[in-house]
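This report concerns only the one structure given below.
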Amino acid sequence: MTGIFTLALQATGSLITILLVYVIVRAFRLGDDVRIADETEARALAEEARCGFKPVEIALDRARIGALLRNCDGEVMLIRRHGARFAARLLTSHAGVRLDQGFLTLSTHDPHFGSVTLNLGTDAQVWAASLRRLGTTS
């Protein structure tokens, strides 16, 4: 009888532990598949990243994992998914830009930001050409 009680107690403890881990994962939004819903959200992310950044052109990745935004001063911001959140950097050079059909791969001078490949479809060529205006200095 004591063996059955011990086994039941262990099973209950395991179940409570699993439920606790589930609650923690949900609370921290770990494992969420976050995506940029639309241009409005992309604008909000840009404003959050840099106060006063008002995009006049926006290109969203088809999978909604990133975006390119240009303001009226010609500054270009790259937003990419970083875990369950988004990170943004201003592009200062076209040195890290590579075009492959409808895909645009972008790297920044920040090694912690890494590179991202955006599926922009036919807009990829237009953005790649326009990014040449940024020059090659980093």
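All of the numbers you see were taken from the coordinates with simple rules; none came from a lab. Every value quoted in this text rests on a predicted model; they were computed, and no experiment measured them. FYI the Cβ positions are ideal-geometry reconstructions off the backbone, even for glycines, and counts take in every protein chain you see.
Taking the convex hull of the alpha carbon positions in the chain and averaging its projected area over all directions gives 11.3 nm². I'd like the trypsin sites (Lys or Arg not before Pro) in the stretch 68-138 restricted to DSSP loop residues with at most 11 other Cβ atoms within 10 Å, sorted by number. Answer in residue order: no site qualifies.
For Ala95 and Val126, the FRET efficiency from 1/(1 + (r/R0)^6), where r spans their Cβ atoms and R0 equals 22 Å, is about 0.70. Rounded to the nearest 20 debye, the dipole size of the chain about its Cα centre is 160 debye, using +1 on the Cβ of Lys and Arg and -1 on the Cβ of Asp and Glu. For the stretch 1-79, the set of chymotrypsin sites (Phe, Trp or Tyr not before Pro) satisfying both a DSSP loop assignment and a count of at most 15 other C-beta atoms within 10 Å is given as Phe28. Relative to the current alpha-carbon distance between Phe113 and Asp38, full extension at 0.36 nm per residue lengthens the span by 24.7 nm. Here the Gaussian network model covers the chain, with springs between Cα atoms less than 10 Å apart; of Ala46, Ala27, Ala84, Ala27 fluctuates the most.
Sorting Thr40, Thr105 by the number of Cβ atoms found within 10 Å of their own Cβ, with the fewest placed first, yields Thr40, Thr105.
Cβ under 15 Å from Asn119's Cβ, Asn119 left aside: what net charge do those residues give with Lys, Arg +1 and Asp, Glu -1? The answer is +3.
Legend: ranking of residues Ser14, Ser93 from fewest to most surrounding C-beta atoms inside 10 Å; resulting order Ser14, Ser93. Ordered by the count of other Cβ atoms within 10 Å of each Cβ, fewest first, Ile18, Ile65 give Ile18, Ile65. Simple spin-label estimate for Val25 and Thr105 gives 3.2 nm between the two label positions (7 Å along the Cα-to-Cβ direction from each Cα). Ratio of Rg to Rh for the stretch 1-78: 1.44 [Cα atoms; Kirkwood radius as inverse mean 1/r over pairs].
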